[in-house]
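The values are calculated or read from the model by the stated rules, or taken from the named source; none is laboratory data. What you see is a predicted model, and the numbers here were worked out from it, not measured in a lab. Glycine also receives a Cβ, built like all others from the backbone with ideal geometry; neighbour counts cover every protein chain displayed. Accessible surface areas use protein heavy atoms only, side chains included; no ligands, DNA or RNA. Shrake-Rupley method; radii C 1.70, N 1.55, O 1.52, S 1.80 Å.
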Amino acid sequence: MQGQALVLNYELKADIDLGGMEWTPVAIFYGTFNGNGYTVSNFKITTGRRYVGLFGYNGGVIENLGVENFTVNVSYSGYVYAGGVVGYNGGSITNSYATGDVSATSSGSYAYAGGLVGYNSGSILNSYATGDISATSSGSYAGGLVGYNDGGSILNSYATGDVSASSDSDARAGGLVGSNGGSILNSYATGDVSATITSTSSRFSYAYAGGLVGYNYGSITNCYRYSGQTFYRKKGSTTYSTASNTEGTAKDLTTLRSVSFHTSTLGWDESVWNFVEGAFPTLKTAGTAAK
């Protein structure tokens, strides 16, 4: 599968442990990949390329898949799209999750980094990511789940990792999504977020950091962020704003771990979410299917 373009349908029949190997992403995928609740784990991606993840570009269907214990740490000379499951998603990802760290660096161009997906113009449903995320380039977009949601949809999803974006001109970082031009519904984020402009001399520079979304020009509905998150913008070593984006309702820890807040106030679906008093909600279906 490594480095290939795949158009057929595939199913996992067991967990796959890659033993810490260097993974070459599936270049282009247009079929259906059903993980059946199994996992692909223990790999790294350090060789720079444009589309980076277990899958580089997805135009098909990925479902019921867990991707665990991995590291993506890549540098590339042009645009780079990096995610734990998919670098660039133009298809659909459902009931899936990623638990590794993602770091993407581009020299002189744009870097999109997300725990699950780097750049999304497709759909993401019932999925989550827990790793720490960073993007560094002239234009940096980093999100705990998705770096840039460009006309795509995100439903019933969450992210818990810390997120950072660093750039000499344009840095956008969000606990869930770095920059959102699509729709986000029934989702949350809890990690700390920072956006840093490295050049102190640039007149035209933009840094956006948000607990849920760094920069938003799309729609956000029934989403929240943990009020204890720290998120800030910096220019050089100087912190010049502690908040630039308050998208996503900020709630205290007690409220966010209340079953009634999710079921009564937000109306989240109990067939999709696990609610336990005193804990953040989790997804019943992410990475699960009949084994």
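Per-structure values
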{"item": "All positions within region 67-87 that are of a type outside the set (A, V, I, L, M, F, W, C) and closer than 28 Å to ALA14 by Cβ", "result": "GLU68, ASN69, THR71, ASN73, GLY83, GLY84, GLY87"}
{"item": "Flag if SER75 is open to solvent by 10 Å² or more (accessible area, probe 1.4 Å) and at pLDDT 95 or above", "result": "yes"}
{"item": "Extreme residue, nearest to the chain's Cα centre (by Cα), among residues of region 81-130 that are open to solvent by 10 Å² or more (accessible area, probe 1.4 Å) and β-branched (Val, Ile, Thr)", "result": "THR130"}
{"item": "Yes/no for GLY53 being open to solvent by 40 Å² or more (accessible area, probe 1.4 Å) and on the phi > 0 side of the Ramachandran plot", "result": "no"}
{"item": "Residues of region 219-254 classified as at pLDDT 90 or above, farther than 21 Å from ALA207 by Cβ and outside any loop (DSSP other than H, G, I, E, B), total", "result": "3"}
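Yes/no per residue for (1) farther than 16 Å from ALA113 by Cβ; (2) at pLDDT 90 or above; (3) crowded, with 24+ Cβ neighbours inside 10 Å; (4) within 12 Å of the chain's Cα centre (by Cα):
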{"residue": "VAL146", "(1), (2), (3), (4)": "no, yes, yes, yes"}
{"residue": "SER153", "(1), (2), (3), (4)": "yes, yes, no, no"}
{"residue": "ARG172", "(1), (2), (3), (4)": "no, yes, yes, no"}
{"residue": "GLY175", "(1), (2), (3), (4)": "no, yes, yes, yes"}
{"residue": "LEU185", "(1), (2), (3), (4)": "yes, yes, no, no"}
{"residue": "THR198", "(1), (2), (3), (4)": "yes, no, no, no"}
